[in-house]
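The values are calculated or read from the model by the stated rules, or taken from the named source; none is laboratory data. Please read all numbers here as calculations on a predicted model, not as lab measurements. In this analysis, Cβ positions are derived from the backbone assuming ideal geometry, glycine residues included, and neighbour counts consider all displayed protein chains.
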């Protein structure tokens with residue numbers, strides 16, 4: 001039995017990986033990286049600024065780690081997960097999804113159908 005030189009094994013393995021990664025089939029199976037979306041926030045009205053400031057005060061109840069998890073939940077969860085949050089129905093979940101990416105979870109008070117009371121109730125479930 002002949003031994004194959006290690007350098008030949010490495011070359012064959014490298015070539016195999018290169019062919020796999022550059023083939024059209026693997027390119028289609030890879031998910032496209034999410035495009036960086038420009039901030040959807042328009043110029044905020046004074047009323048919206050006040051609402052956002054109040055929401056940020058409510059958010060201070062959570063530690064930094066939980067704030068991050070909460071924002072990630074709002075930015076990446078499926079509709080059914082969002083609907084499980086208190087005061088969030090189907091239409092409101094659709095609006096949250098349409099408003100993504102949210103800069104912070106406090107920004108959901110700018111979405112139609114989410115009051116400060118609803119936001120406070122949601123934050124309370126995150127503690």
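Listed here are the residues, each with its yes/no results for (1) modelled with pLDDT under 70; (2) in a helix (DSSP H, G or I); (3) surrounded by 10 or more Cβ atoms within 10 Å (Cβ to Cβ); (4) on the phi < 0 side of the Ramachandran plot.
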{"position": "9", "(1), (2), (3), (4)": "yes, yes, yes, yes"}
{"position": "13", "(1), (2), (3), (4)": "yes, yes, yes, yes"}
{"position": "17", "(1), (2), (3), (4)": "yes, yes, yes, yes"}
{"position": "27", "(1), (2), (3), (4)": "yes, yes, yes, yes"}
{"position": "37", "(1), (2), (3), (4)": "yes, no, no, yes"}
{"position": "55", "(1), (2), (3), (4)": "no, yes, yes, yes"}
{"position": "72", "(1), (2), (3), (4)": "no, yes, yes, yes"}
{"position": "81", "(1), (2), (3), (4)": "no, yes, yes, yes"}
{"position": "85", "(1), (2), (3), (4)": "no, no, yes, yes"}
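Could you count how many residues in the range 61-92 are within 14 Å of the chain's Cα centre (by Cα) and closer than 14 Å to residue 114 by Cα?
2
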